[in-house]
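Undergrad: Could you have a look at this structure, given as structure tokens, before my questions?
The values are calculated or read from the model by the stated rules, or taken from the named source; none is laboratory data. These numbers were taken from a predicted model, which means no experiment stands behind them. FYI the Cβ positions are ideal-geometry reconstructions off the backbone, even for glycines, and counts take in every protein chain you see.
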């Protein structure tokens, strides 16, 4: 889907969705003014035989980039992409993305678009913004035809994805970080080492700091944080904890957490104490030294889903995989998982059992049968994906099958931005789970778990969990009923109705309170309202 017949100003604004709360802040993070005429000029100059651009089509927006299809007078089409302010660190994000595409094409032989022109320096290029101009991806987006495909065709696609994963997992890197051209990295940081992969010296490339937005967002960009690269996974886990402690000490202030208390502030000392617990186990949040597959640094797609894959609609072959922005080289166990497009949302049976319909299927209504069939199809895709990884990508399977991996990596996933994202509860929960399973995770270790939580801490956490669960169930009911959106983000055409629903269901929600104290509590917990100053 793409927008036509819009003003030039709408090319710079975020126009796909609206937010029913905190909208101006969300829109400001996605506003990007640039020189459209100069972008067109550059696109024409790299399109063979073109003399002018006849059409600019704004693609339906993601949350981090502006994207356009530019059509030339000779019929050539190119893809132009410009990162929004929230996409990641200035210069680093674009420089790394372009280098990653070149590495994927030249070394991995992965089908990705060819970059035609680009600049990571908004201050010195005529477009006045960072940009990438690339070949238009051949084929069609998988998301536009996936539901029309028969099962066997979907299974063929899964086999192709497993083969690509095998390619990615069999090239190991010496460091954990983002990929850059060596000369770009040297200009950004003053230093860049040659990249050596399996005795092949790729002199054009180097590994540098991660471009993960959480390490650079807001005031972080001005701080001297450890963003890599790292040679050892434990260096990474400890660096993330130190970064968060440094940020909280210099930038954070106490705030209310109404799930935890209606009277007492959640202090920065609470956050630092929890991070101190994290640091006590940070060096343990890595695979055993003999688990070579899990610890290997590999390049991985950051979020593979149906709209990031292009296919030939006739042959059903993958023609292109896009959106490698913020892709990085990291230990496989931090990146491993079932791609979103094959992931079953519910529980999946153990082993290679083929899911079957329930015995009472024939007595269900048509809608109930449709839901059962959709759930079964989703689980079959999930199970088939796992079976193909087992056969075709054994290094990935060696990580995917380990039940302890989610337990040891979850704290690491949560620690960056833990205060800003209000994730202290979930980090605490992940550390409690780690402590509970310590002997299962480290059966041969004679060292007891270095962290523990007092009875009082466990009680307060349990009360917070109960508050979150009870309120969450009600909000989930509203969301599942289609009357309220997740994160308050809605299609523009649905904005006014969503605003009305938010007001109406807020009153219903508050009306469920048993007394005045709970009414005040529910009022504070309603998520669809402007954030407190």
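Undergrad: Kindly check whether there is at least one residue in region 189-202 that is closer than 30 Å to residue 63 by Cα, touching a helix residue (DSSP H, G or I) at 6+ places or on another chain (Cβ under 6 Å) and surrounded by 19 or more Cβ atoms within 10 Å (Cβ to Cβ).
TA: no
Undergrad: Just wondering, is there one or more residues in region 96-110 that are farther than 27 Å from residue 169 by Cα, touching a strand residue (DSSP E or B) at 6+ places or on another chain (Cβ under 8 Å), in a loop (DSSP other than H, G, I, E, B) and not assigned by TED's automatic domain parsing to the domain that holds residue 313?
TA: no
Undergrad: Filter region 488-516 for residues that are in contact with a strand residue (DSSP E or B) (Cβ under 8 Å, 6 or more places away or on another chain) and either assigned by TED's automatic domain parsing to the domain that holds residue 15 or under 13 Å from residue 527 (Cα atoms) (or both); which is surrounded by the fewest Cβ atoms within 10 Å (Cβ to Cβ)?
TA: Among them, the one singled out is 489.
Undergrad: Give the residues of region 219-229 that are in contact with a helix residue (DSSP H, G or I) (Cβ under 8 Å, 6 or more places away or on another chain), outside any loop (DSSP other than H, G, I, E, B) and farther than 15 Å from residue 415 by Cβ, sorted by residue number.
TA: 219
Undergrad: With the condition kept exactly as written, say whether any residue in region 276-295 is in contact with a strand residue (DSSP E or B) (Cβ under 6 Å, 6 or more places away or on another chain), surrounded by 18 or more Cβ atoms within 10 Å (Cβ to Cβ) and modelled with pLDDT under 95.
TA: Yes, region 276-295 has at least one match.
Undergrad: Among residues belonging to region 194-218 that are part of a loop (DSSP other than H, G, I, E, B) and within 26 Å of residue 246 (Cβ to Cβ), point out the one that is farthest from the chain's Cα centre (by Cα).
TA: Residues of region 194-218 that are part of a loop (DSSP other than H, G, I, E, B), as a first pass: 194, 198-199, 203-204, 209-212, 216-217.
Right, trim to within 26 Å of residue 246 (Cβ to Cβ) and you get 209-212, 216-217.
On the way: 209: 18, 210: 14, 211: 13, 212: 10, 216: 15, 217: 15 Å.
Ranking the qualifying residues of region 194-218, first place goes to 209.
Undergrad: Moving to a separate point now. Kindly indicate whether any position in region 305-317 is within 30 Å of residue 231 (Cβ to Cβ), in a loop (DSSP other than H, G, I, E, B) and modelled with pLDDT of 95 or more.
TA: The answer is no; no qualifying residue exists.
Undergrad: Looking at (1) over 18 Å from residue 303 (Cβ atoms); (2) buried (at least 17 other Cβ atoms within 10 Å of the Cβ); (3) out of contact with any strand residue (DSSP E or B) (no Cβ under 6 Å at 6 or more places or on another chain), which is the one condition that is false for residue 51?
TA: If we test residue 51 against (1) over 18 Å from residue 303 (Cβ atoms); (2) buried (at least 17 other Cβ atoms within 10 Å of the Cβ); (3) out of contact with any strand residue (DSSP E or B) (no Cβ under 6 Å at 6 or more places or on another chain), just (2) comes out false.
Undergrad: While we're looking at this one, here's another question. With touching a strand residue (DSSP E or B) at 6+ places or on another chain (Cβ under 6 Å) and free of Cβ contacts under 8 Å to residues at least 40 places away in the same chain as the only criterion, which of 195, 210 stands out?
TA: 195
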